[in-house]
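Q: Mind looking over this structure? Questions follow.
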Amino acid sequence: MKRRAWLTLGAVVLGGGGVVTYAVASPSGDSGAAGRAKRPVKVYDLALKGTTGGKRELPRTDTEQFSLVGVSWTGAVKRLDGTAQVRTRGLESDAWSAWRDLEVDIDPPEDPEAGMRGASEPLWVGPSDGVQVQVVHEDGTTGSLPKGLEVNLVDPGVVTDAETKATEPAAFVAEENSPAATSTDSATPTDSTTPTDGTTAPPTDLPTTTSPAPTNTTATPTASASASPSISPSPSATGPSAPPSTVPEPPITSRADWGADESLSPDPSEYNADVKAVFVHHTTGSNDYSCAESASVVRGIYAYHVKTNGWNDIGYNFLVDKCGTIFEGRKGGVDLPVLGAHTYGFNRESTGIAVLGEYTSTAASDAALASVARVAAWKLGQYGADPAGTVQLTAGATQKNYAGTSFTAGSKYTFQRISGHRDGYNTECPGGSLYAQLPTIRTWASGPVQGLKVTSVAGTAVSGSTYYTKGAITARWTATTPASLISRYELLVDGKTVATTSGTATSAATTLALGSHTIAVRAVHQSGRTTTTAALNVVAETTAPTFTTTPKLTLRTGTVNTTAVPVTLGWKATDNTALSSVKLLAPTTATFGPATTSSSRTATSGTATTWSMRADDYAGNYRTASASYTPVILQETSATKSGSWTTRSSSSYLGGKSYSSGSKGAGLTWTFTGRSAAWVVSRATTSGQAYVYVDGVKVSTVDLKSSTTLYRQAIWTKTWSSSAKHTVKIVVVGTSGRPTITTDGLVYIK
């Protein structure tokens with residue numbers, strides 16, 4: 001079943017008397033498998049027939065599939081004093097888009113030729129089969145609009161093997177020429193469009209004159225629109241040379257690879273003397289194209305520039321899509337100074353790079369910016385120009401730019417080496433958002449690498465501002481300049497390069513000799529300019545820490561249970577450079593700072609327990625130390641008594657019982673072999689005092705009084721430097737009004 005597309009045009013009068021002309025294409029059907037193959041580029045020109053008061057109309061007309069749309073009119077240098085809008089219907093969705101403006105303030109040809117037409121910028125809309133167009137006079141009145149207004153639809157076709165394979169499942173429009181709207185493939189001139197009412201639209205003729213020979217860049221520019229390059233990238237015997245660039249040439253998709261029909265532009269190429277500046281553009285149109293569609297977008301622009309504008313080639317020297325793919329534009333050799341048709345009055349000394357899409361309020365992707373920077377740096381590098389610098393260009397036309405700056409033909413004006421289209425012509429191009437990104441493009445193109453910083457040094461640990469390692473390290477870094485613009489990275493140790501990586505790398509490894517060093521990362525931009533990070537101090541050492549005091553366990557005050565007693569774990573560790581931490585490995589785990597030398601813990605009574613610790617330094621060296629201790633509880637019944645003592649029973653006491661005495665001079669004596677001891681008592685508001693004797697010597701008077709009742713309290717402790725036999729005796733003081741003391745026993749560590 002064939003698909004037919006109907007296009008109708010009519011007009012409405014807006015408030016204020018403005019005239020709106022429009023064209024509408026109807027839904028179409030499926031062409032079936034017959035169309036699923038390569039098909040050439042086609043352009044459909046649909047005339048808007050004028051009546052009275054600027055009214056335009058065209059009866060229903062057959063049309064075919066298209067993906068790009070614009071409007072054009074008679075008169076290459078005549079501007080459309082009005083607003084043009086389009087809306088399209090998606091081929092697959094059958095849904096109408098919102099109204100979208102067409103950019104009509106585009107550069108005229110500097111030397112117009114017969115058959116050239118004024119035209120809007122083409123708008124990429126994706127595969128569509130319906131269109132509606134509105135054109136209204138600028139002031140909303142019925143003032144005259146340009147003659148020969150046409151709607152121009154471009155089907156970029158499917159021309160490469162990759163596209164054929166990618167689109168195999170799709171149903172393409174069957175080729176069909178209706179009597180009302182004739183489409184031509186890109187190999188033949190566009191025929192006149194004959195509407196169904198019998199009127200004839202003006203033909204879109206291609207230029208018949210040949211391009212003039214190249215001239216000096218200071219001379220008055222010739223027709224930028226008529227400069228058409230040859231398919232050979234090499235200059236002729238009389239053509240310009242291709243000087244080497246100071247930076248690498250980026251990957252560029254050739255015209256053959258994006259499917260350019262070279263029969264469209266048979267004229268010889270015209271060249272400038274050099275490239276002094278780069279003008280950045282946007283093509284307008286949708287940003288929703290897939291990167292697989294980019295070649296189709298380029299083909300559509302190419303066909304529009306030739307078939308609709310009447311130029312003999314695409315206007316831009318290079319095109320870049322949102323994924324960063326670079327396309328060769330005007331032919332004649334990407335490495336040669338091909339004269340383009342992109343910036344009115346300044347084509348003679350520049351090259352033009354267009355980013356596919358519309359960037360008035362949407363920023364261009366980093367991938368697109370990076371590719372624009374690479375092309376700009378390469379082209380300017382052929383002539384020794386700094387992309388971040390300025391240059392004087394000779395105006396080829398008298399005009400004003402978007403900012404209102406006036407130019408006089410033949411006079412020189414200062415431009416950034418990388419400028420926006422609006423800097424040279426009165427247009428919003430390349431859009432406010434992309435224009436604001438030009439400083440980034442200049443910086444990336446010129447170098448040095450921006451935003452370089454070391455993010456980490458694996459194999460090390462940092463203390464203060466110094467890194468420590470056993471020797472093997474890996475430096476990691478980031479940079480904001482895209483990797484495609486970076487030649488290489490170098491890892492520096494003590495100022496000397498020890499490792500070199502590609503510009504896409506983000507790390508490099510080396511092994512340091514023992515001792516103190518500095519490390520840094522140096523980035524080399526493709527321009528040769530370098531950036532070096534601040535040096536980091538790194539110490540390489542393999543000496544393990546030492547325990548000057550091995551783990552020691554001592555009794556401390558606190559509540560005693562039959563299964564656990566309060567203890568203090570003590571140690572002392574040092575390192576020859578920087579101690580990182582000390583860790584308790586057993587009987588439980590904990591980590592301590594390098595300055596910590598003790599920790600309050602509990603120990604299991606009656607059981608020998610090994611206390612194991614590890615000291616680590618920042619370089620990763622470590623040493624362990626261990627010691628075993630057994631806390632022992634001596635009940636009060638194991639003591640030798642003197643004087644009068646009474647036994648008390650309660651579950652609150654150790655073992656359920658305790659001794660109590662209020663008799664002055666009554667005593668209890670324990671003898672043991674150990675290195676630390678603690679006396680365990682009960683405390684209350686009526687508790688009295690006791691003397692403590694160690695090895696026959698009075699060492700303390702202990703008051704057991706407490707505002708709250710407490711049981712099993714280790715109230716007095718004593719520790720010796722080593723384990724030995726000792727005697728501890730407590731004696732009742734007989735304190736006035738509160739003589740009684742109650743004791744649970746004695747704990748010691750052996």
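The values are calculated or read from the model by the stated rules, or taken from the named source; none is laboratory data. In this text, all values refer to a predicted model and were calculated from it rather than measured experimentally. Cβ coordinates were reconstructed from backbone atoms using ideal geometry, including for glycine residues, and neighbour counts include every protein chain displayed. Note: areas computed on protein heavy atoms with side chains; ligands, DNA, RNA excluded. Shrake-Rupley method; radii C 1.70, N 1.55, O 1.52, S 1.80 Å.
Q: Just the number, please: carbon plus sulfur as a percent of the accessible area of the range 316-359, 1.4 Å probe, no ligands or DNA/RNA counted.
A: Of all accessible area on the range 316-359, carbon and sulfur atoms account for 45 percent.
Q: Here's another thing I want to ask about it. Skip the ligands, DNA and RNA, and give the accessible area per residue of the range 487-586 with a 1.4 Å probe, whole Å².
A: For the range 487-586, the solvent-accessible area averages 42 Å² per residue.
Q: Stokes-Einstein at 20 °C, 1.002 mPa s, Kirkwood radius from Cα pairs: D for the range 531-646 in µm² s⁻¹?
A: So the translational diffusion coefficient is about 128 µm²/s.
Q: Here's another thing I want to ask about it. Using only C-alpha positions, report the orientation-averaged shadow area of the convex hull of the range 559-601, nm², one decimal.
A: For the range 559-601, averaging the hull's shadow over all directions gives 3.4 nm².
Q: In the range 373-481, what is the count of Lys pairs whose alpha carbons are under 27 Å apart, counting only pairs at least 8 residues apart or on separate chains?
A: Total qualifying Lys-Lys pairs in the range 373-481 comes to 4.
Q: Expressed as cubic angstrom per residue, what is the convex hull volume of the alpha carbon set of the range 426-526?
A: 111 Å³
Q: Another question about this same structure. Using the Karplus equation 6.51 cos²θ - 1.76 cosθ + 1.60 (θ = phi - 60°), what ³J(HN,Hα) coupling, rounded to whole Hz, does each residue of the range 365-377 give in order, writing x for Gly and Pro?
A: 5, 4, 5, 5, 4, 4, 5, 4, 4, 5, 5, 4, 5
Q: Another question, if that's okay. For K583, give me every one of the lysines with a C-alpha distance below 17 angstrom, ignoring sequence neighbours fewer than eight places off in its own chain.
A: By straight Cα distance, K583 reaches K552, K572.
Q: May I pose another question? Based on the Cα atoms of the range 474-525, what semi-axes does the equivalent ellipsoid have, where each is the square root of 5 times one gyration tensor eigenvalue, given in whole Å with the largest first?
A: One finds semi-axes of 22, 9, 9 Å for the range 474-525.
Q: Compute the orientation-averaged projected area for the range 685-750 from the convex hull of its Cα atoms and round it to one decimal in nm².
A: 4.9 nm²
Q: Past 28 Å, Cα to Cα, is the threshold; run K698/K750; K38/K331; K147/K307; K42/K147; K276/K307 against it and keep the listed order.
A: Those over the limit are K276/K307.
Q: While we're looking at this one, here's another question. In what sequence, highest mean first, do 576-584, 673-681 appear when ranked by Cβ atoms within 10 angstrom?
A: Highest to lowest by the protection proxy: 673-681, 576-584.
Q: Could you work out the local net charge near Y659, counting Lys and Arg as +1, Asp and Glu as -1, over the other residues with Cβ closer than 12 Å to its Cβ?
A: +1
Q: Additional query: For the range 413-511, what's the relative contact order in percent, using C-alpha pairs closer than 8 Å and at least 6 residues apart?
A: Worked out over the range 413-511, it gives 20 percent.
Q: A further question on this structure: What is the mean projected area of the alpha carbon convex hull for the range 229-385, to one decimal in square nanometres?
A: 8.8 nm²
Q: Provide the packing ranking of 543-555, 373-385, 640-652, i.e. peptides ordered by the mean count of other C-beta atoms within 10 Å per residue, highest first.
A: 373-385, 543-555, 640-652
Q: Bin by bin, in steps of 10 Å, what percent of the Cα pairs in the range 307-426 do you find, going until the bin that has the longest distance?
A: 13, 42, 38, 7
Q: To continue, here is another question. Starting from one equal scatterer on each C-alpha and no solvent at all, send me the Debye-based log10 I(q)/I(0) for the range 439-486 at q = 0.14, 0.17, 0.28, 0.32 Å⁻¹, two decimals.
A: The computed values of log10 I(q)/I(0) come out as -0.49, -0.61, -0.98, -1.16.
Q: Going 7 Å from the Cα of S626 in the Cα-to-Cβ direction, what parts of the range 588-620 have a backbone nitrogen less than 11 Å from that spot?
A: Correct set: 610-613.
Q: Rule-of-thumb check for the range 356-475: C-alpha Rg over 2.2 N^0.38 Å?
A: 1.56
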